[in-house]
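The values are calculated or read from the model by the stated rules, or taken from the named source; none is laboratory data. Quick caveat: nothing in here was measured; it's all calculated off a predicted structure. Neighbour counts run over all protein chains shown; Cβ positions are idealised from the backbone, glycine included.
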Amino acid sequence: MKRLALTSALTSALSLALAACSLAPHYQTPVPPVPPSWPVGDAYLAQSEANLPTVSYTEIFRDPRLQQLITGALANNRDLRVAAANLAASRAQVRVIRADQFPQIGVTGGASYSDNGTSTTSTGTGGVGGGGTGGTGNAVTVSRKGWSYSLQGSISSFELDFFGKYANATEAQRNTALATEAAARTVRLGLIADLARAWAQYGADRELLGIAQDTTKNAQRSVELTGARLRGGISPRTDLRQAEQVLETARGDVATQQAALAQDVNAIRLLVGADFDTALLPASIADVTGALAVLPAGTSSQVLLRRPDVVEAEYQLRAANADIGVARAQLFPSISLTGLLGFASNALSALFDSGSFRWSAGGNASYSIFNAGGRRANVDVSEAQRDAALANYERAVQTALREVSDALADQGTLGERLRAARANTAAAADTARLTDATYRYGVQSFLSSLDAQRSLYSAQRSQIATELALASNRVTLYRVLGGDAATATAAEPPKP
């Protein structure tokens with residue numbers, strides 16, 4: 001009967017602890033400070049009328065070579081490993097905080113020998129449980145010479161969570177862990193976007209190198225031609241020097257682009273986290289733009305709420321809201337329980353007989369009458385931190401809207417910019433061809449031919465820059481709209 005009574009008492013205490021009330025404010029998801037649709041106007045064109053699907057990076061970055069690089073990066077990138085380790089630590093911390101909601105149970109045993117006719121055995125336990133410290137003990141005195149034995153279990157001073165202090169602390173840590181998970185998804189999203197952008201940059205630099213090499217060859221022929229005309233008394237020395245200027249400028253650009261290509265490879269190697277086959281790199285910027293699909297923008301700006309940085313800000317807000325409950329609970333008394341049950345006997349064989357059973361239980365309450373307003377100030381601190389978290393959440397949503405709007409403005413005008421750049425290159429190429437022919441026949445001066453060559457070189461570089469901007473814009477839209485980050489979630493931390 002005594003054992004049943006003790007068991008019933010402990011069960012009741014645990015039930016009270018687990019059924020604690022919460023003093024945290026009721027959480028309500030803030031109304032996002034964004035307009036109901038994307039901006040409209042000439043810059044945005046029809047892009048604002050499409051639907052935004054949740055897509056995988058394989059649907060946007062369709063080139064198998066780029067997909068292979070991304071797969072390698074997701075497996076080897078060190079930033080992702082750091083993020084995964086931080087997430088694992090944050091999830092484990094949830095279990096650490098959650099443990100305070102349960103009592104700590106210990107077991108001790110003892111044996112002693114007396115040769116003066118009286119034996120006293122003292123046993124006890126101590127520990128930390130439910131945010132409180134303490135322990136219990138038991139002394140057994142046996143008036144008999146010889147050995148005495150004891151075995152007991154105890155519950156250390158365990159604070160009943162009547163006001164939800166530990167439950168809210170667990171909830172705050174759980175939301176912190178979820179925010180950490182969202183931050184890890186931000187790292188993943190950024191890695192994919194950075195790798196795609198570096199891949200596109202390599203294609204642009206490789207094509208720029210090819211243009212610089214072609215220009216070098218043409219300039220070399222021009223130097224040879226003007227040198228021959230100078231020796232024949234047809235052209236002045238200034239023509240030769242100007243042709244040499246074009247040649248040396250092109251040679252310098254060749255060296256610059258060779259260094260840029262090497263740096264691009266180094267950047268991709270760092271992102272991938274390992275060596276890779278250079279055959280996976282694009283041959284030109286045109287090779288890149290053909291491999292990147294257009295990501296349409298949605299009519300509802302609510303899609304921004306799945307961006308991992310916005311998700312992270314909301315979980316941080318939830319954690320700050322739960323912290324208010326922790327601070328409020330500290331305004332109320334602390335109620336703790338202790339318990340002890342065990343066996344004591346002079347003979348080891350009789351240790352578990354019914355007459356050897358002992359038990360005890362107790363409780364206490366404590367409350368600090370005066371602490372100069374420290375606990376009330378702690379509540380004010382937590383409420384101010386919640387307000388700051390709310391402002392951070394709203395700022396994250398507004399920043400996301402601005403970034404998407406900027407990317408859409410670029411997307412709406414890049415098509416026309418690229419068309420104009422290509423037309424300009426075609427016109428410059430035709431002009432260079434015609435002026436070179438007329439110069440060779442003595443109709444125009446070398447200065448006209450030189451200007452035409454420079455204009456063509458500039459137009460070609462400008463076209464490549466515009467094509468790179470188009471590729472970068474598609475990568476940017478994938479990133480600022482959240483890409484497929486929402487599909488990369490892992491299991492949530494354990495709930496209390």
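For the stretch 387-426, which positions are over 30 Å from residue 460 (Cα atoms) and polar (S, T, N, Q)?
392, 398, 399
Would you check if residue 212 is over 26 Å from residue 64 (Cα atoms), touching a residue at least 60 places away in the same chain (Cβ under 8 Å) and surrounded by 18 or more Cβ atoms within 10 Å (Cβ to Cβ)?
When the stated conditions are applied, residue 212 does not pass them.
Which members of the stretch 160-190 meet the condition of being aliphatic (A, V, I, L, M) and under 20 Å from residue 89 (Cβ atoms)?
Scanning the stretch 160-190 gives 169, 172, 177, 178, 179, 182, 183, 184, 187.
Among (1) in a helix (DSSP H, G or I); (2) under 29 Å from the mean Cα position of the chain (by Cα); (3) modelled with pLDDT under 95, where does residue 264 come up short?
Every listed condition holds for residue 264 apart from (3).
Residue 163 fails exactly one of the following numbered conditions: (1) assigned to a loop (DSSP other than H, G, I, E, B); (2) crowded, with 23+ Cβ neighbours inside 10 Å. What is the number of that condition?
Status for residue 163: all satisfied but (2).
Take the residues in the stretch 180-237 that are among the hydroxyl-bearing types (Ser, Thr, Tyr) and in a helix (DSSP H, G or I), then tell me which one is farthest from residue 283 (Cα to Cα).
Restricting to residues being among the hydroxyl-bearing types (Ser, Thr, Tyr) and in a helix (DSSP H, G or I), the top hit is 180.
Would you check if there is a residue in the stretch 294-303 being assigned to a helix (DSSP H, G or I), modelled with pLDDT under 85 and surrounded by fewer than 16 Cβ atoms within 10 Å (Cβ to Cβ)?
Yes.
Identify the residue in the stretch 399-443 that is hydroxyl-bearing (Ser, Thr, Tyr) and over 30 Å from residue 225 (Cα atoms) and, among all such residues, is surrounded by the most Cβ atoms within 10 Å (Cβ to Cβ).
405
Considering each residue of the stretch 447-481, count those that are free of Cβ contacts under 8 Å to residues at least 24 places away in the same chain and aromatic (Phe, Trp, Tyr), and give that number.
Here the count works out to 0.
Between a residue in the stretch 267-284 that is over 25 Å from residue 210 (Cα atoms) and any residue that is among the acidic types (Asp, Glu), which pairs come within a Cβ distance under 9 Å, given they are 6 or more apart or on different chains?
Close Cβ pairs (under 9 Å, with a partner that is among the acidic types (Asp, Glu)) amount to 271/79; 271/194; 273/79.
If you check 108, 136, which single one turns out to be assigned to a strand (DSSP E or B) and modelled with pLDDT of 70 or more?
108
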